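**Q** Below you'll find the structure I mean.
The values are calculated or read from the model by the stated rules, or taken from the named source; none is laboratory data. Note that the structure is a prediction, hence the values are computed from the model and not measured. Please note: Cβ atoms are built from the backbone with ideal geometry, for glycine as well, and neighbour counts cover all protein chains shown. Surface areas here come from the heavy atoms of the whole protein model, side chains and all, with no ligands, DNA or RNA. Shrake-Rupley method; radii C 1.70, N 1.55, O 1.52, S 1.80 Å.
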Amino acid sequence: MSWMFLRDLLSGVNKYSTGIGWIWLAVVFVFRLLVYMVAAEHVWKDEQKEFECNSRQPGCKNVCFDDFFPISQVRLWALQLIMVSTPSLLVVLHVAYHEGREKMHRKKLYVSPGTMDGGLWYAYLISLIVKTGFEIGFLVLFYKLYDGFSVPYLIKCDLKPCPNTVDCFISKPTEKTIFIIFLVITSCLCIVLNFIELSFLVLKCFIKCCLQKYLKKPQVLSV
């Protein structure tokens, strides 16, 4: 899979982002995307091939592997990266739509990059909420699927066609656990950054509305 499209998409959105949004983008690129591409894919490369059970019963190994890994962990992370980046399309489409109107009517919509008003503010706010929801949702999904964020070296499996309870061993469990904890921490950091940016935008809008109401109030002259 080529991740260049994802990079170009997020970089385009970052033009209208806040300083907190730039930090979020750096975390996604450096601590999530690069770690995934450079290291994580190789750690989970042969997970099914290196999954061993102490039984030669045909089909037992496949059933036990599917029971513990209903979805490949590394593919679940890839899906998470894609889903948390997809809401940014909302901002890109909004900007593209209004830039088309600018060319048609020869009227400037945004004074400068980083200025958010009207529809762009709402689109950006919604994208933050959806991104945060996806981040939390994937963390909960990961925890439920694998009973936590650690990889055991041994699992017990008694599913058919296994003749009895067999022991199955997972390759490189310590290394996988370290990567999982690292990616969970970076995901939590992204959630915190999203909450901070969301609060900043709402607070900024609230202050702006209060100032506008104050300036519109008639001034009483004292004699």
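Let's see how each residue does on (1) modelled with pLDDT of 85 or more; (2) farther than 30 Å from Asp147 by Cα; (3) assigned to a helix (DSSP H, G or I); (4) open to solvent by 50 Å² or more (accessible area, probe 1.4 Å):
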| residue | (1), (2), (3), (4) |
| --- | --- |
| Asp67 | yes, no, yes, yes |
| Ile71 | yes, no, no, yes |
| Leu76 | yes, no, yes, no |
| Gln80 | yes, no, yes, no |
| Leu93 | no, yes, yes, yes |
| Tyr97 | no, yes, yes, yes |
| Lys107 | no, yes, no, yes |
| Gly114 | no, yes, no, no |
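**Q** Please name all residue pairs, on different chains or six or more residues apart, with Cβ atoms under 7 Å, provided the first residue is in segment 20-36 and is open to solvent by less than 70 Å² (accessible area, probe 1.4 Å) and the second residue is not in a helix (DSSP H, G or I).
**A** The qualifying pairs are Leu33/Trp3.
**Q** Residues of segment 194-205 being aliphatic (A, V, I, L, M) and either at positive phi or open to solvent by less than 20 Å² (accessible area, probe 1.4 Å) (or both), which ones?
**A** Answer for segment 194-205, where residues must be aliphatic (A, V, I, L, M) and either at positive phi or open to solvent by less than 20 Å² (accessible area, probe 1.4 Å) (or both): just Leu201.
**Q** Given the structure, is Ile170 modelled with pLDDT of 80 or more, open to solvent by less than 80 Å² (accessible area, probe 1.4 Å), of a type outside the set (S, T, N, Q) and over 30 Å from Pro58 (Cα atoms)? Write out each step before concluding.
**A** On the way: modelled with pLDDT of 80 or more: yes; open to solvent by less than 80 Å² (accessible area, probe 1.4 Å): yes; of a type outside the set (S, T, N, Q): yes; over 30 Å from Pro58 (Cα atoms): no.
No.
**Q** Looking only at segment 41-49, decide whether some residue is open to solvent by 40 Å² or more (accessible area, probe 1.4 Å) and within 24 Å of Thr165 (Cβ to Cβ).
**A** Keep residues of segment 41-49 that are open to solvent by 40 Å² or more (accessible area, probe 1.4 Å), which gives 41-42, 45-46, 48-49.
Filter once more, keeping what is within 24 Å of Thr165 (Cβ to Cβ): 48-49.
Yes, segment 41-49 has at least one match.
**Q** For Ser150, only one of the following conditions fails: (1) part of a helix (DSSP H, G or I); (2) open to solvent by 50 Å² or more (accessible area, probe 1.4 Å); (3) hydroxyl-bearing (Ser, Thr, Tyr). What is its number?
**A** The single condition Ser150 does not satisfy is (1).
**Q** Return the pair list, or none, for Cβ contacts closer than 6 Å from residues in segment 116-129 that are on the phi > 0 side of the Ramachandran plot and part of a helix (DSSP H, G or I) to residues that are open to solvent by 20 Å² or more (accessible area, probe 1.4 Å) and at pLDDT below 70, at least 6 apart or on different chains.
**A** Filtered contacts from segment 116-129: no entries.
**Q** Kindly evaluate Lys144 against the criterion of being open to solvent by 80 Å² or more (accessible area, probe 1.4 Å), in a helix (DSSP H, G or I), over 30 Å from Ile20 (Cα atoms) and at pLDDT below 75.
**A** Criteria not met by Lys144.
**Q** Something else: Report, ordered by the first and then the second residue, all pairs with beta carbons closer than 8 Å, sequence separation of six or more or different chains, a first member in segment 182-198 that is free of Cβ contacts under 8 Å to residues at least 60 places away in the same chain, and a second member that is of a type in the set (Val, Ile, Thr).
**A** Pairs that qualify, where the first residue is free of Cβ contacts under 8 Å to residues at least 60 places away in the same chain and the partner is of a type in the set (Val, Ile, Thr), are Ile191/Thr132; Ile191/Ile136.
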